[in-house]
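The values are calculated or read from the model by the stated rules, or taken from the named source; none is laboratory data. Bear in mind the structure is a predicted one, so any value in this text is a computation, not a measurement. Please note: Cβ atoms are built from the backbone with ideal geometry, for glycine as well, and neighbour counts cover all protein chains shown. Calculation scope for accessible area: heavy atoms of the full protein, side chains included, ligands and nucleic acids excluded. Shrake-Rupley method; radii C 1.70, N 1.55, O 1.52, S 1.80 Å.
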Amino acid sequence: MRTKTHLWLGLLGIVLFAVVFLVPFAFILFTAAKTATEAGKLQFSLPTTWTLLQNFGDALRARDYMLIIAFINSIVLTVASITALVVLSAMVAYVLQRRESRWSGLVNMLVLSGLIIPPAVVPTVWVLQKLGLFKTLTGLIFIEIAFGLSFCILLFRAFIATIPRDLDEAAIIDGAGPTRLFFKVIFPLLRSVMVTVIIVQSVAIFNDFANPLYFLPGDENATVQLTVFNFQSQFNTQYNLLFADILLITIPPLLLFLFLNRRIVEGMTAGAVKG
Amino acid sequence: MSTEVEARQTVEPATTTLAAPARNKSHYPYWFYLPAAVIFFVFFVVPTFSSFFFSLTRWDLSDWEFIGLENYVAFFQESALLTGLKNTLIYALVTCGLKVVLGMALALLLTSPIIAKGFLRSVAFFPVLVSTIGVGLTFQVLMDPSNGLINKSLGVAGIEGPAWLVDPKFALLSVALVDVWKGVGLATVIFIAGIVSIPREYFEASAVDGASAFQRFRRIILPLSKPATTTVIILALIGGLRSFDLIWAMTRGGPGFTSDVIASVIYKQYQAGFYGLSTAGNVVLFLLVTAIVFPLFRFFTRQEVDL
């Protein structure tokens, strides 16, 4: 009896989850594959003729290959900020975890504030402008690094706490200096948490909308999120192309998710449960 | 999230280095802080501190004129801006509350012995990874008052759906619902992690004592997954109070100003060239987030020590 109710509960769950969580994605796919007139009806139905590839092509070609340029920008932004984030936050987390000093309190407080405090928009624009970095990809990379540090430091620090200090001491006895100790001994051991940091942050940065909107306005170096947002006003009669765009920017996280689902969930709940 | 707790833990291992404290210290050089500190200082600390000053000025990014509290007076006298403040609180409370309740319900379902658990968990979690803009634009179409899928489905069931984003009364709530749809997966996996970390002995003991499913939830799961609940509440509140992307993608604060939140007011004032006023909005948001999240954080961490 008991297992039977659970079977029914499971089936009910599947149906409910499918309706609530999968139908919107099916809607994106179907609409992206329709012709312009059919998509304009906003109906949830299979396309009568599948023109998905053609719509992808049209969406990519629109406004002088804007979306392709945006993809390149987004990838450069993501890769550059993540590389810097991983190295810099691992360095901070390492010293913060290993060396208790009068600085630790201050550093901990700054890390926490970085996580909680909403960044001030116009003063950040002002700083970027003073440095000549406003409306540049370099400027946005620095912004993403600054805003992402706190989260990465927390993840790295929790992991570094599990690496025994004996290892440090063995390396020190073998004559390793501080830089070699960290980069040759500790850093390679961080691989698993590094994967987590890379996944979680790359999703966040690739999907980031507000920061590119504030700090990298203008068409010449738009990121994908901004491009799709701007397409909305341009394509409001061509829903098939709008949804082809949405589908295209959903594919990278989908691929990550299919291959690394478990890793992502681990990363996002890491440390969370301990409070 | 666990700074205080962990900071205390890190003190302990230091005892191993009693023999040569001075030499050992130099193996963890302070300059490792430096590159991160410079970036964090220039692009986060400086703007945050200068926002307090610039909120007291009339400002065009190159010249400023000190005008005292005028921006704040303007902020609190303009009813459109006040709506933003009120909406921010409503939005944060609604999304946070629903994420806690629904996330817990889904976590309970997904930790009970039903079929296809892994699949269902993945399905619920996927929207967390999808672009907010993509989700916002999709639901904008799904919520279309006459042609949208949601109202058509409701129509089949004989219910006349509201006009969602077009109706001033429903606009903010509609966006909040989409926010919950997108974010509930994260709350769910955090709750699941909390529930599976409860030792099995408690459940076995309660089964021996003949506890009902509700008692098991009320007396075991709820109190013992408190750290997870804390995390969900704090994450959802921070996210809700700062929320901008989804609102901007779906309504841009409209119709009128009925779904404006502080974050969208800040952006609108910035676009309009009122830099001082925009920055004052930032300071208000800063104070609001700090006033709500920090005390809550302390309250929860203190309670955990008592447990």
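Run the numbers on chain B and let me know its relative contact order in percent, using alpha-carbon pairs under 8 Å that are six or more apart. The partial results should precede the final answer.
Working: 323 pairs, mean separation 82.4, N = 307.
Relative contact order here is 27 percent.
In the protein assembly as shown, the calculated helix contribution to ellipticity at 222 nm averages -22500 deg cm²/dmol per residue, counting -39,500 (n - 2.57) for every DSSP H run with n ≥ 4. Segment B:231-272 and segment B:43-81 have Cα centres spaced 19 Å apart. Taking amide H atoms as placed 1.01 Å from N in the peptide plane, the amide H of residue A:43 has no partner under 5 Å among residues 5 or more positions away or on other chains.
Other residues with beta-carbon under 13 Å from the beta-carbon of residue B:94 carry, at +1 per Lys or Arg and -1 per Asp or Glu, a net charge of +1. An oblate overall shape is assigned to chain A, the ratio a/c of its alpha-carbon gyration tensor axes (a ≥ b ≥ c) being 1.5 or greater and a/b not exceeding b/c. Kirkwood analysis of segment A:1-87, using all unique Cα-Cα pairs, places the hydrodynamic radius at 16.8 Å. The overall shape of chain B is oblate: from the C-alpha gyration tensor, with semi-axes ordered a ≥ b ≥ c, the ratio a/c is 1.5 or greater and a/b is no larger than b/c.
Taken per residue, the accessible surface of chain B reaches 45 Å², heavy atoms only and a 1.4 Å probe. Solvent-accessible area lost on pairing A with B (1.4 Å probe, both sides summed) amounts to about 9700 Å². For segment A:115-182 versus segment B:115-184, the spacing of their alpha-carbon centroids is 37 Å.
Once you average over the residues of A:92-99, how many Cβ atoms of partner chains fall within 10 Å of each Cβ? Working shown, then result.
On the way: counts 7, 2, 2, 7, 6, 6, 9, 11.
Rounded to a whole number, the mean comes out at 6.
Normalised by the number of residues in chain A, the mean separation of alpha-carbon contacts (under 8 Å, six or more apart) gives a relative contact order of 31 percent.
Our coupling estimate for segment A:165-173, obtained by passing each phi through the Karplus curve with A = 6.51, B = -1.76, C = 1.60 and θ = phi - 60°, is 5, 3, 4, 4, 5, 4, 5, 5, 4 Hz, Gly and Pro reported as x.
Provide the net charge surrounding residue A:176, with neighbours chosen by a C-beta distance below 10 Å and charges set as Lys +1, Arg +1, Asp -1, Glu -1. Each step should come with its number before you reach the end.
Working: positive: A:180, A:184; negative: A:168, A:174.
Computed value for this residue: 0.
Calculated accessible area for segment A:1-142 comes out at 47 Å² per residue, all protein chains present (probe 1.4 Å; ligands, DNA, RNA ignored). For A:140, B:98, B:165, A:131, the ranking by accessible surface with the largest value first comes to A:131, B:98, B:165, A:140, using a 1.4 Å probe.
Is the shape of segment B:161-267 best called rounded, prolate or oblate, per the rule: a/c under 1.5 gives rounded, else a/b larger than b/c gives prolate, else oblate, with a ≥ b ≥ c the square roots of the Cα gyration tensor eigenvalues?
Details: a/c = 4.29, a/b = 2.64, b/c = 1.62.
Prolate is the answer for segment B:161-267, as a/c is 1.5 or above and a/b outweighs b/c.
Close amide H pairs (under 5 Å, H built 1.01 Å from N) link residue B:57 with B:67, residues at least 5 positions away or on another chain. Sorting A:196-205, B:42-51 by average packing, meaning the other beta carbons within 10 Å per residue, from highest down gives A:196-205, B:42-51. Solvent-accessible area of segment A:82-228 (1.4 angstrom probe, protein heavy atoms only): carbon and sulfur portion equals 65 percent.
Between their Cα atoms, which of A:41/B:99; A:135/B:86; B:117/B:152; B:99/B:268; B:117/B:182 are more than 24 Å away from each other? Please list the in-between numbers first.
Working: A:41/B:99 33 Å; A:135/B:86 33 Å; B:117/B:152 30 Å; B:99/B:268 28 Å; B:117/B:182 19 Å.
Distance filter (> 24 Å) returns A:41/B:99; A:135/B:86; B:117/B:152; B:99/B:268.
Size descriptor for the protein assembly as shown, Kirkwood hydrodynamic radius: 25.6 Å (Cα pairs only, one decimal).
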